[in-house]
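Here is the structure we will look at, set down as structure tokens.
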Amino acid sequence: MGSREVLAIEAGPTHRYGQEMLVAIRSVTDLPVRYAVITHRHPDHSFGLGALVDAGVEVLMHPAEAAGLAREGPALLDLMTVLVGAEWTEGTSTEAPSSMVEEDRLVDLGKRPVDILVFEGGHTKGDLVVHDRTSGVTFFGDLLFVERAATVPHADIGIWLTHLDRLEALPWTKGVPGHGPVLEDPASFADTRDWIRFLHRRVADAVLTGESPAEILDPGVPAPYAGLVEAGPTFSRAVLQLYRRYEAMDPAALDALVEQPPPD
Ligand SMILES: [Zn+2]
């Protein structure tokens, strides 16, 4: 929030959530909500955006993620409606955002400059990070999970690891991860970094040595990661998602990918 207007981050999973988010903002300020940044296409972040567009908010998203939402959104919305019930998803649509952010952009909310930073190809094809220059508070989206197992359905883990280094080096004071508690200590980056590096090496090694996904999953989640929230179900999905992708890769290229520095 600046002296003139407000920037919201994410829209939540349903139209109703998006509406209630605006009501919650109204309880804090009468300033107009000018922008909403949707960090990426995953439904828990994006499906409420129609409520914000309807309210005249300029909803910002990376074009690759807007395209992914248009492509995959309707089927995911149908699935979500079956799972949670039509009364919760009523009014929800997977409509397009208002504006695209293809490169880093600075917006001014009135004596409050805020960076919208583009990170392509990490957690998804176009993750957006919001950095408030005044307070240093930074919203990392799903590039950062704290105390919770990061999900990888659209991830490129090699690129994601380089993004984490860049994010950690930003002049942030408090960080808001996509999932998990607010962080002040950079050590919390290890929750995402170590987990995705483990997933990557474990699955790549298995593909190179001819182990099956069942053989990877059989012993369960290894001890250092077992305490992460949702570690078990995320491990099962991630192994299958990555295995399919790595199996289709040239073994030499995969070998090179595995040759990453070991965890420090
Ligand atoms: Zn996500």
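The values are calculated or read from the model by the stated rules, or taken from the named source; none is laboratory data. All figures in this text were calculated on a predicted structure; none of them were measured in a lab. Here the Cβ is made from the backbone with ideal geometry for all residues, glycine too, and neighbour counts use every protein chain on show. Surface areas here come from the heavy atoms of the whole protein model, side chains and all, with no ligands, DNA or RNA. Shrake-Rupley method; radii C 1.70, N 1.55, O 1.52, S 1.80 Å.
Yes/no per residue for (1) away from the ligand (no atom under 16 Å from the Cβ); (2) of a type in the set (Val, Ile, Thr); (3) modelled with pLDDT under 95; (4) surrounded by fewer than 17 Cβ atoms within 10 Å (Cβ to Cβ):
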position	(1), (2), (3), (4)
169	yes, no, no, yes
189	yes, no, no, no
226	yes, no, no, yes
233	no, no, no, yes
237	no, no, no, yes
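Could you list, in sequence order, all residues of region 191-206 that are open to solvent by less than 10 Å² (accessible area, probe 1.4 Å) and in contact with a helix residue (DSSP H, G or I) (Cβ under 6 Å, 6 or more places away or on another chain)?
Across region 191-206, the qualifying residues are 195, 196, 199, 200, 203, 204, 206.
Among the residues in region 118-127, are any more than 16 Å from the ligand (Cβ to nearest atom) and either more than 18 Å from residue 42 (Cα to Cα) or open to solvent by 70 Å² or more (accessible area, probe 1.4 Å) (or both)?
The answer is no, given that none of the residues of region 118-127 is more than 16 Å from the ligand (Cβ to nearest atom) and either more than 18 Å from residue 42 (Cα to Cα) or open to solvent by 70 Å² or more (accessible area, probe 1.4 Å) (or both).
Are there any pairs, at least 6 apart or on different chains, whose C-beta atoms fall under 8 Å, with the first in region 39-68 and more than 15 Å from residue 143 (Cβ to Cβ) and at pLDDT 95 or above and the second of a type in the set (Asp, Glu) and more than 16 Å from the ligand (Cβ to nearest atom), and if so, which?
Once the first residue is more than 15 Å from residue 143 (Cβ to Cβ) and at pLDDT 95 or above and sits in region 39-68, its partners that are of a type in the set (Asp, Glu) and more than 16 Å from the ligand (Cβ to nearest atom) give 49/95; 50/95; 53/95; 63/102.
What do you reckon, is residue 162 open to solvent by 60 Å² or more (accessible area, probe 1.4 Å) and either farther than 29 Å from residue 224 by Cβ or among the polar types (S, T, N, Q) (or both)?
Considered against the rule, which asks whether it is open to solvent by 60 Å² or more (accessible area, probe 1.4 Å) and either farther than 29 Å from residue 224 by Cβ or among the polar types (S, T, N, Q) (or both), residue 162 comes out as yes.
With within 16 Å of the ligand (Cβ to nearest atom) and either on the phi > 0 side of the Ramachandran plot or open to solvent by 40 Å² or more (accessible area, probe 1.4 Å) (or both) as the only criterion, which of 177, 153 stands out?
153
Say we look at region 131-142 and pick out the residues that are away from the ligand (no atom under 15 Å from the Cβ) and open to solvent by less than 10 Å² (accessible area, probe 1.4 Å); which of these is nearest to residue 9 (Cα to Cα)?
Top of the filtered list is 138.
Go through region 47-67 and give me each residue that's within 17 Å of the chain's Cα centre (by Cα) and either within 20 Å of residue 104 (Cα to Cα) or away from the ligand (no atom under 14 Å from the Cβ) (or both).
48, 49, 59, 60, 61, 62, 63, 64, 65, 66, 67
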